[in-house]
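For reference, the structure discussed in these notes is given below.
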Amino acid sequence: MQLATLARPYAALVRALDLLANLFALYLRIWVSWVFLKSGLLKLESWDSTLALFQDEYRVPLLPPALAAYVGTFGELVFPVLVILGLAGRLSAIGLSAVNAMAVISYAHVLLAEGAEALARQHYLWGLALLVIVFYGPGALSVDKLLARRPGSQWPV
C-alpha cells in the first residue's frame, strides 16, 4: 500500500478534527466554567451562609475569612464569564486555576481525607481542563480570536 493512499483519508480526518477542535474548545470552556459560576452564584444566594463557611469551614491562608469570601466569590463569578467568552482566555484560565487551587488548599482537610478521593479528583480534572485552555488558548470561537482578526490588531490569541 502506498503512502499517498493512506495520506488522503488521514488528511480528511485531520481536517474534520480541526473543525471539531473549535467546538471542543468552546465546550471545554463552558463545562469547566459552569462549575465555578454555579458555586459563585450559590455563594451570593446565601451570603450569610457563605460568610459562615469561610469563618468556620474553609481554611484560606493569609486572608481574613470575610475578605476571602469576597475574593473567592469574585473569582468564581468573573473568571468563568471571561473564560466562557474567551476574552483574555489564557489569562482568565490562569485566574480560574488560582481559584481552583485556593479551593483545594482551603478545603484540603476534607478533599484530601481518606474516602474523599473522588472529590479531589474533580478539582484535578478541572485544573487539567484549565491548563488545556492556558496552553492552547480559547480556540477560534472566542472573543480573543475576534479581536485578533481586526485589521492592525496586536491582540494575542
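Only the coordinates and a few stated rules stand behind these numbers; no lab work does. This structure is a prediction, so every number in the text was calculated from the model and none was measured. When we count neighbours, we look across all protein chains shown, and the Cβ atoms used for this are built from the backbone with ideal geometry, even at glycine.
Place a point 7 Å from Cα of Leu77 in the direction of its Cβ. Which residues in segment 91-133 have their backbone N less than 13 Å from it?
Once the point is set 7 Å along Cα→Cβ of Leu77, nothing inside segment 91-133 turns out to lie under 13 Å by backbone N.
Between the helical axis of 117-136 and the dominant principal axis of the chain, each derived from Cα atoms, what acute angle in degrees is found, rounded to the nearest 10?
In the chain, helix 117-136 runs at an angle near 50 degrees to the longest axis.
Which one of Leu67, Tyr124, Ala140 is farthest out on the positive end of the charge dipole of segment 55-150, using unit charges on Cβ (Lys, Arg +1; Asp, Glu -1) and the Cα centre as origin?
Of the options given, the answer is Ala140.
Given the DSSP H assignment, sum -39500 (n - 2.57) over each helix run of at least 4 residues in the chain and divide by its residue total; what's the result at 222 nm in deg cm²/dmol, nearest 500?
Details: 7 runs with 123 residues, N = 157.
Helix-only estimate at 222 nm: -26500 deg cm²/dmol.
Using alpha carbons only, how many degrees (0 to 90, rounded to 10) separate the axis of helix 65-85 from the longest principal axis of the chain?
20 degrees
Could you run the Karplus curve 6.51 cos²θ - 1.76 cosθ + 1.60 with θ = phi - 60° over segment 21-27 and give me ³J(HN,Hα) per residue in whole Hz, x for Gly and Pro?
4, 5, 5, 4, 4, 5, 4
Please give the peptides 14-20, 132-138, 84-90, 60-66 ranked by average Cβ packing (other Cβ atoms within 10 Å per residue), highest first, as a rough proxy for protection. Can you show the working numbers first?
On the way: 14-20: 10.4, 132-138: 18.1, 84-90: 20.7, 60-66: 12.4.
The packing order, highest mean first, is 84-90, 132-138, 60-66, 14-20.
Specify the inter-centroid distance of segment 93-109 and segment 42-80, based on alpha-carbon positions, in whole Å.
With segment 93-109 and segment 42-80 each reduced to a Cα centre, they are spaced 12 Å.
Can you give me the three principal axis dimensions of segment 8-86 from its C-alpha atoms, in Å, biggest first?
62, 24, 17
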